[in-house]
1. To the nearest 20 debye, what is the magnitude of the charge dipole of the chain about its Cα centre, counting +1 on the Cβ of each Lys and Arg and -1 on the Cβ of each Asp and Glu?
2. For region 16-116, what is the charge dipole size about the Cα centre, in debye to the nearest 20, if Lys and Arg each add +1 at the Cβ and Asp and Glu each add -1 at the Cβ?
3. With the other protein chains left in place, how much accessible area per residue, in square angstrom, belongs to the chain at a 1.4 angstrom probe?
4. Quick check on region 1-73: take the gyration tensor over C-alpha atoms, sort the square-rooted eigenvalues as a ≥ b ≥ c, and tell me if it's rounded (a/c under 1.5), prolate or oblate.
5. What's the Kirkwood radius of region 128-190 in Å, using all Cα pairs?
6. Among DSSP bridges having both ends in the chain, what percentage is antiparallel? Round to the nearest 5.
7. Got a number for carbon plus sulfur as a percent of the chain's accessible area, 1.4 Å probe?
8. Round to a whole angstrom and tell me the spacing of the C-alpha centers of region 1-18 and region 143-175.
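The values are calculated or read from the model by the stated rules, or taken from the named source; none is laboratory data. A quick note: this is a predicted structure, and the numbers were derived from the prediction, not measured. All Cβ positions, glycine included, derive from the backbone under ideal geometry; neighbour counts span all protein chains shown. Quick note on the areas: whole protein, heavy atoms, side chains included, nothing else; ligands and nucleic acids left out. Shrake-Rupley method; radii C 1.70, N 1.55, O 1.52, S 1.80 Å.
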Amino acid sequence: FTANVDAYESIKYHEYVSPGYDYILFTDQPPLYRHVYDVRPVPMHDQDPTRRVRYIKNHPHLLMADYEIAVWIDSNILIRGDIEPIVQAFRDSGQPIGTIPHPLRRSVYEEGEACIERSKDDADVIRAQMLRYRQEGFDCDNLVESCMILYRIGHPRLMPAMGNWWKEIDGGSRRDQLSFNIALARAGAS
């Protein structure tokens, strides 16, 4: 599943479509070409289109409740090959959430600085959030790339982790990678 709000990014039409998978697109502007997507309305209304997308990404337990496994793919990501081996490895793991490592950074604090340098969100909001994490004694060396996330719907630690994550996104920086690791750690889902 993916989302695109206010035409924030161009929707990618995957080169490889896995047989037996459903492809769901949440959007407020239906694409001209549906491709394989089951197009659905955006279920959350907020002035900030980024937070609207984050809500969808962050609520698979509600929006994908009919599935055992849900795979989030950012709408700007193009699938060029079979992702079934990744999904199967996740299925076999028994974990509530699966991700891929960030290709450039390991620490949430490094990511915070990179977001400030690139003006990805309000610098004061990011600094305050990072200070709060440091004061809590939080550290991580396994920053994720959140463009692809696998969720085990129904896992008992998924909903608490997503609740923690949404609270951080809604009340802090909309840069979801900054709060992902701490949200999972707080829920015992990391």
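1. Details: 22 positive and 28 negative charges, 48 e Å.
Computed about the Cα centre, the dipole is about 240 debye.
2. Values: 10 positive and 14 negative charges, 29 e Å.
Rounded to the nearest 20 debye, it is 140 debye.
3. Working: 9500 Å² over 190 residues.
Roughly 50 Å² per residue, with all protein chains present.
4. Numbers: a/c = 2.06, a/b = 1.18, b/c = 1.76.
Oblate is the answer for region 1-73, as a/c is 1.5 or above yet b/c matches or exceeds a/b.
5. Numbers: mean 1/r = 0.0827 Å⁻¹.
For region 128-190, the Kirkwood estimate is 12.1 Å.
6. Values: 9 of 16 bridges.
If we restrict to bridges inside the chain, about 55 percent are antiparallel.
7. Working: 4710 of 9500 Å².
For the chain, the apolar C and S fraction of the accessible surface comes to 50 percent.
8. 20 Å
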